[in-house]
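In what follows, a single structure is set out as structure tokens and then discussed.
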Amino acid sequence: MQDRYIGDVGDFGKYGLLRILTGRDAEQRLKLGVIWYLFSNESHNSDGKHISYLGGRRQDFRDCDEELYDKLRGMLFNEAGLIATNRSTVVLESKSILPQGTVFYSRPLFYEAGQSVSFRNSLRKEWFADALSVTARCDLVFLDPDNGIECASVTRTKNKGPKYVFWDDIDALVQRGQSIVVYHHLNRVGSHAMQVEGLLTRAKERYGSDVGLSALTYRRGTSRVYLIIASSHHREWLSYRAETMCAGLWGRHFVLK
């Protein structure tokens, strides 16, 4: 996650999904924790610039969640135009975009040049231990890395290691009975359907039938998928909410697997 993405078209889908999964107006409301995996802003590409959907009152987005749309528009724009300084997790966390009581872990995660492998290992362990402590009382924890779930070519101590969630991060949350949503960026190696199926297969092999597994692919902006790993306590609620979401107006933007 980078601050420059705040409020873009991908974020609209992200926040909309989390607002529904937590059950804002439902009997079974889940307490949300967000671990940002906040990385330093980069400038080598145009990622994060897709905010034009907020400029023209796009009904295909606004109809999905009017409150969310209007809050994001109000946060990022005034009469003079874009408020660039509001594109930050600090501002977002203060605007009640996500449900009341949401817990955020916003400590940045990145490495400095010249740091040893052992130092980076220690830094990452300390960072994640803090994240676990902050989200200990949450029912549903959202992991928001820049790139997604680990890949073979990037270890946790490489410069780009902080851009990834590693499976043992997820293990720690599953083991203490929490439900998890993980952001994962889809790439060009194989079809998107094949990549999603691969994620679900890997999760099933790792966690077996003790959890409920599903994936929601967001089709706007850069293609991304949200892997849902539901604990036995929440699997029926989360499955129902994901299905209901995709059966309604959000189905124009999400595909459920």
Exercise. Test each condition in (1) at pLDDT 95 or above; (2) surrounded by fewer than 21 Cβ atoms within 10 Å (Cβ to Cβ) for Ala230 and report the one that comes out false.
Key: (2)
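Can you tell me which residue is farthest from Tyr37 (Cα to Cα) among those in the range 108-129 that are basic (Lys, Arg) and surrounded by 14 or more Cβ atoms within 10 Å (Cβ to Cβ)?
Arg120
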Quiz item: If you check every pair at least six apart or on different chains, which have Cβ atoms under 9 Å apart with a residue in the range 198-218 that is farther than 17 Å from Asp171 by Cβ and free of Cβ contacts under 8 Å to residues at least 12 places away in the same chain first and a residue that is surrounded by 11 or more Cβ atoms within 10 Å (Cβ to Cβ) and small (Gly, Ala, Ser) second?
Solution: Gly198/Gly190
Practice problem: May I ask you to list pairs of residues, at least six apart or on different chains, whose Cβ atoms are under 9 Å apart, with the first in the range 44-64 being among the basic types (Lys, Arg) and the second being part of a loop (DSSP other than H, G, I, E, B) and modelled with pLDDT of 70 or more? | Solution: Lys49/Asp8
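Which of the residues belonging to the range 72-102 are not in a helix (DSSP H, G or I) and not small (Gly, Ala, Ser)?
Within the range 72-102, Phe77, Asn78, Glu79, Leu82, Ile83, Arg87, Lys95, Ile97, Leu98, Pro99, Gln100, Thr102 meet the criteria.
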Practice problem: Only one of these is part of a loop (DSSP other than H, G, I, E, B), among the aliphatic types (A, V, I, L, M) and touching a helix residue (DSSP H, G or I) at 6+ places or on another chain (Cβ under 8 Å): Val189, Val225, Val255. Name it. | Solution: Val189
Quiz item: Can you tell me which residue in the range 136-186 is farthest from the chain's Cα centre (by Cα), limited to those that are among the basic types (Lys, Arg) and over 24 Å from Gly208 (Cβ atoms)?
Solution: Lys158
Quiz item: Taking into account only those residues within the range 105-135 that are without any contact (Cβ under 8 Å) to a residue 12 or more places away in the chain and not in a helix (DSSP H, G or I), which is nearest to the chain's Cα centre (by Cα)?
Solution: Glu112
Practice problem: Exactly one condition in (1) more than 19 Å from the chain's Cα centre (by Cα); (2) in contact (Cβ under 8 Å) with a residue 60 or more places away in the chain; (3) farther than 19 Å from Phe61 by Cβ is not met by Leu249; state its number. | Solution: (3)
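Against the definition (under 26 Å from Thr102 (Cα atoms), modelled with pLDDT under 95 and either among the aromatic types (Phe, Trp, Tyr) or crowded, with 18+ Cβ neighbours inside 10 Å (or both)), how does Asp139 come out, yes or no?
On the way: under 26 Å from Thr102 (Cα atoms): yes; modelled with pLDDT under 95: no; either among the aromatic types (Phe, Trp, Tyr) or crowded, with 18+ Cβ neighbours inside 10 Å (or both): yes.
It is false that Asp139 is under 26 Å from Thr102 (Cα atoms), modelled with pLDDT under 95 and either among the aromatic types (Phe, Trp, Tyr) or crowded, with 18+ Cβ neighbours inside 10 Å (or both).
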Quiz item: What residue, of Arg220, Arg241, is surrounded by 18 or more Cβ atoms within 10 Å (Cβ to Cβ), farther than 20 Å from Pro145 by Cβ, in contact with a helix residue (DSSP H, G or I) (Cβ under 6 Å, 6 or more places away or on another chain) and not small (Gly, Ala, Ser)?
Solution: Arg241
Exercise. Give the residues of the range 142-184 that are closer than 25 Å to Tyr5 by Cα, aliphatic (A, V, I, L, M) and crowded, with 21+ Cβ neighbours inside 10 Å, sorted by residue number.
Key: Leu143, Ile149, Val165, Ile170, Ile180, Val181, Val182
Quiz item: Any residue at all in the range 187-194 that is surrounded by fewer than 16 Cβ atoms within 10 Å (Cβ to Cβ), of a type in the set (Ser, Thr, Tyr), more than 19 Å from the chain's Cα centre (by Cα) and within 20 Å of Gly33 (Cβ to Cβ)?
Solution: no
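Quick one: would you say Ala215 is in a helix (DSSP H, G or I), modelled with pLDDT of 95 or more and touching a strand residue (DSSP E or B) at 6+ places or on another chain (Cβ under 6 Å)?
Spelling it out, it is not the case that Ala215 is in a helix (DSSP H, G or I), modelled with pLDDT of 95 or more and touching a strand residue (DSSP E or B) at 6+ places or on another chain (Cβ under 6 Å).
The values are calculated or read from the model by the stated rules, or taken from the named source; none is laboratory data. Treat the numbers as computed from the prediction; the structure is a model and nothing was measured. Cβ: placed from backbone, ideal geometry, glycine included. Neighbour counts: every protein chain shown.
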